[in-house]
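As structure tokens, the structure follows; a few thoughts come after it.
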Amino acid sequence: MFGWYWLFSYIIGNFMTAYFVGKIYKVNLQQERSKNLGARNAGSVIGKAAFIWTLLGDSLKGVLVVGLGHLWHLDEWIIIGGAAWVIVGHLFPIWLKFNGGKGVATFIGIGLALSPSLFFWMIIGTAFVMVFTRSLTLGMVGGFIFYVGAIILAGKLELYSLLVLAIVCMLIKHRSNIQESLTRGK
């Protein structure tokens with residue numbers, strides 16, 4: 001059962017909200033600014049409405065996968081695996097030659113749907129680092145560190161291991177943004 005659920009999760013991840021928002025506005029976001037199919041690029045190229053629609057659409061992918069896992073009474077490790085696969089689907093959509101978004105909005109939906117108490121630490125970490133760096137990108141890195149730290153402190157690292165690997169993939173996709181933020185800070 002879980003193999004089908006994980007495949008389904010990957011396919012759901014392939015739904016790139018920014019791609020369709022761009023089509024509505026007659027803009028190919030893969031050719032604009034960061035060339036990324038995410039909320040941040042949609043917002044910077046098209047505007048606030050595009051940012052909000054993309055953020056909501058991509059977040060809902062994560063909520064959908066986790067919600068259906070609960071509805072189908074799947075084991076927690078299977079649902080967390082599905083959460084990881086929806087992120088992988090967003091990062092590497094097969095129909096766009098594996099060139100997707102960076103996964104943050106999808107992760108927000110997942111984090112809130114899986115465990116709001118763990119996701120709280122993502123928010124705290126992001127805010128804490130942003131106060132010192134004034135960088136959303138570096139704040140997000142701090143948020144992921146706090147989130148993974150909270151998983152470890154809760155004794156759930158093995159259970160969340162696939163999601164932690166998906167977070168590592170997200171950070172790798174963000175490496176140019178991270179490098180730019182670090183360089184700007186010097």
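The values are calculated or read from the model by the stated rules, or taken from the named source; none is laboratory data. Only a predicted model underlies this, so the values are computations on that prediction, with no experimental measurement involved. Here Cβ is always computed from backbone atoms with ideal geometry, including for glycine, and neighbour counts include all displayed protein chains. Ligands, DNA and RNA are excluded from the accessible area calculation, which covers all protein heavy atoms including side chains. Shrake-Rupley method; radii C 1.70, N 1.55, O 1.52, S 1.80 Å.
Just one residue in the set A127, A113, A50 is open to solvent by less than 10 Å² (accessible area, probe 1.4 Å) and either in contact (Cβ under 8 Å) with a residue 60 or more places away in the chain or of a type in the set (G, A, S) (or both); that residue is A50. Every condition in (1) open to solvent by 10 Å² or more (accessible area, probe 1.4 Å); (2) over 21 Å from G22 (Cα atoms); (3) in contact (Cβ under 8 Å) with a residue 24 or more places away in the chain is met by H73 except one, and the failing one is (3).
Close contacts from the stretch 1-24, counting a first residue that is farther than 30 Å from G47 by Cβ and modelled with pLDDT under 95 and a second that is open to solvent by less than 80 Å² (accessible area, probe 1.4 Å) and assigned to a helix (DSSP H, G or I), with Cβ to Cβ under 7 Å and a gap of 6+ residues or different chains, come to F2/I78; F2/G81. If you take the residues of the stretch 137-186 that are over 21 Å from A84 (Cβ atoms), open to solvent by 60 Å² or more (accessible area, probe 1.4 Å) and free of Cβ contacts under 8 Å to residues at least 40 places away in the same chain, which of them is nearest to the chain's Cα centre (by Cα)? That would be S176. Scanning the stretch 80-99 for residues that are over 12 Å from the mean Cα position of the chain (by Cα) and in contact (Cβ under 8 Å) with a residue 60 or more places away in the chain yields I80, G81, G82, P93, I94, W95, L96, N99.
I'd like to know if the stretch 76-94 contains one or more residues that are in contact with a Gly (Cβ under 9 Å, 6 or more places away or on another chain), modelled with pLDDT under 95 and in a helix (DSSP H, G or I). Within the stretch 76-94 (the criterion being in contact with a Gly (Cβ under 9 Å, 6 or more places away or on another chain), modelled with pLDDT under 95 and in a helix (DSSP H, G or I)), the answer is no, since none of the residues qualifies.
Can you say whether L37 is at pLDDT below 95 and closer than 20 Å to S9 by Cα, as far as the supplied structure shows? It is true that L37 is at pLDDT below 95 and closer than 20 Å to S9 by Cα.
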